[in-house]
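What follows is a set of notes on a single structure, which appears directly below.
The values are calculated or read from the model by the stated rules, or taken from the named source; none is laboratory data. The shown structure was predicted, so the numbers you read here are calculated from the model rather than taken from an experiment. Don't worry about glycine lacking a Cβ; one is built from the backbone with ideal geometry, like all the others, and counts go over all protein chains shown. SASA here: full protein model, heavy atoms, side chains in, ligands and nucleic acids out. Shrake-Rupley method; radii C 1.70, N 1.55, O 1.52, S 1.80 Å.
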Amino acid sequence: MEANSSSFKIILGSSSVARRKILSEMGYEFTIMSADIDEKAIRKEKPEELVVALAEAKAEAIISNLQKNHRREEEADPTILIAADTVVIYEGVIREKPAGKEEARQFMKDYSGGHAATLGSVFVTNLKTGFRKGEWDRVEIFFHEIPDEVIDKLVEEGNVLNVAGGLIIEHPLILPYVKKVIPSGFGSLQVGTTDSVMGLPKALTEKLLKEAI
């Protein structure tokens, strides 16, 4: 049974343009709230645990803000909060947002002619019932050689500074140099796709929404 968005409200806990676009493509209407958390303060040994913990922390911060503002869910229809996070794995090392332009440039040079993986998480909370659950998926991205001038343009533009690992495969400048995107791992049978790399895995989000309502 498809999740019927008329029976519940959705809050997307992210200011990400890509995540807004993906959720809109899925046919849902939603409001937006973003969470201000110290991502560096959240550490886990396994990247799969980290990416879910980061999404959960965002959800908790938003719920705390809702409670402070006395926006408790007293209505008949439930409100579902969707939080998400993405980390990049390169040669076994977790990469979050670049610290600056030089690190972003180095990240891109590393990917040139090679590959990286993304781990994407979704954490869903039903604010009426208290249901909460997070899962993850993984995608491998292989690249052709990326010219230095393309890397310089991407870095100077600045968007790569705001995403995990400086990785924006849907960007028109980088898209021609993406060789292939391959689902490589999953949490609870969820297989990653391009929308996972962009920040919100559609299949995983749909699955968790159905479980939450």
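Assorted remarks:
- Only one entry of 89, 22 meets the criterion of being open to solvent by less than 20 Å² (accessible area, probe 1.4 Å) and closer than 17 Å to residue 124 by Cα, and that entry is 22.
- Any chance residue 128 is under 17 Å from the mean Cα position of the chain (by Cα) and in contact (Cβ under 8 Å) with a residue 40 or more places away in the chain: no
- Pick from the stretch 25-39, criterion open to solvent by 90 Å² or more (accessible area, probe 1.4 Å) and modelled with pLDDT of 90 or more, ranking: farthest from the chain's Cα centre (by Cα): 29
- Cβ-Cβ under 6 Å pairs, at least 6 apart or on other chains, the stretch 152-164 side in contact (Cβ under 8 Å) with a residue 12 or more places away in the chain, far side among the small types (Gly, Ala, Ser): 155/104; 160/104; 160/166; 161/104
- Filtered by the rule that a residue be among the hydrophobic types (A, V, I, L, M, F, W, C), assigned to a loop (DSSP other than H, G, I, E, B) and at pLDDT 90 or above, the stretch 170-213 gives 173, 174, 200.
- Selection status of residue 158, at positive phi and either of a type in the set (A, V, I, L, M) or out of contact with any strand residue (DSSP E or B) (no Cβ under 8 Å at 6 or more places or on another chain) (or both): yes
- Any hit, the stretch 6-18, residues being at pLDDT below 95 and part of a strand (DSSP E or B): yes
- Contacts under 8 angstrom Cβ, first residue in the stretch 40-56 being at pLDDT 90 or above, partner of a type outside the set (Phe, Trp, Tyr) and part of a helix (DSSP H, G or I), 6 or more apart: 54/39
- Test: residue 128 is open to solvent by 40 Å² or more (accessible area, probe 1.4 Å) and closer than 22 Å to residue 167 by Cα: no
- Scanning the stretch 143-161 for residues that are more than 19 Å from residue 197 (Cβ to Cβ), part of a helix (DSSP H, G or I) and open to solvent by 80 Å² or more (accessible area, probe 1.4 Å) yields a total of 4.
- If you go through the stretch 96-119 and pick out every residue that is open to solvent by 30 Å² or more (accessible area, probe 1.4 Å) and outside any helix (DSSP H, G or I), you end up with 4.
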